[in-house]
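The values are calculated or read from the model by the stated rules, or taken from the named source; none is laboratory data. As the structure is a prediction and not an experimental result, all values here were calculated from the model. Heads up, the Cβs are rebuilt from the backbone with ideal geometry, glycines too, and the neighbour counts pull from every protein chain shown.
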């Protein structure tokens, strides 16, 4: 990177006043809010009139699929006990849809706001983290949908009992709002937990932590992984282990990746000292 290029970036930034930065920030936030509102309202539209399925219905049916596959085997069903519960469940689903679709837009607007203040080498270093963030979140949510939820729900449903010798059967009839809250909580917990490599590698790049320090604190990281899993997941061993183990694996991957990130900078420092 030449000094002329650096000076050009400094001159461009010096031309923007504080008011210009605030105006730019307002515009970026406005784009995000507008996108969220449009997607939220579009989730309620029934394209072929009343009685047809809208986007919120379709997404909810997809979210309930891990449980539906198990319940339909025994003729099970889902219920709602309040007149308003069905409506507010659709509101939650619409909010879930809007957040999911708006999340990449939020990251794009953050990038477009920050990028003019970065030099070319800084953009190259920051962009991979920006791309990895939604991908890792989607990976964590997908793990819930395809692996964690089916195993956990099968465990919960094993406590049903059929009526024997005059005893009443014990059958589950989950409420739609409780089920949706559970699924969203699990997907959010796993999605955020899978962001661990991004957070750790950014801290390494900023110089706050080192790969050797992360390796020395491994035992505390493992303990925190299980504590976080116990807090974020339902009180069953299956989902807690299925969250803690990937987080521990991601921690180890972060240590290995951090060593590759630090190695070039250490090499440059050695060359600089040799030159002196």
Pick out the one residue from 214, 187 that is part of a helix (DSSP H, G or I), at pLDDT 90 or above and not assigned by TED's automatic domain parsing to the domain that holds residue 262. 187
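Here is a yes/no grid of residues against (1) buried (at least 17 other Cβ atoms within 10 Å of the Cβ); (2) under 27 Å from residue 224 (Cα atoms):
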residue: 159; (1), (2): no, no
residue: 162; (1), (2): no, no
residue: 166; (1), (2): no, no
residue: 170; (1), (2): no, no
residue: 176; (1), (2): yes, no
residue: 184; (1), (2): yes, yes
residue: 192; (1), (2): no, yes
residue: 197; (1), (2): yes, yes
residue: 206; (1), (2): no, yes
State yes or no: is residue 230 farther than 21 Å from residue 143 by Cβ, modelled with pLDDT of 65 or more and under 30 Å from the mean Cα position of the chain (by Cα)? no
Only one of these conditions is not met by residue 76: (1) modelled with pLDDT under 85; (2) in a loop (DSSP other than H, G, I, E, B); (3) loosely packed, with under 14 Cβ neighbours inside 10 Å. Which number is it? (3)
Given the conditions (1) free of Cβ contacts under 8 Å to residues at least 24 places away in the same chain; (2) touching a helix residue (DSSP H, G or I) at 6+ places or on another chain (Cβ under 8 Å), which single one is not true for residue 88? (1)
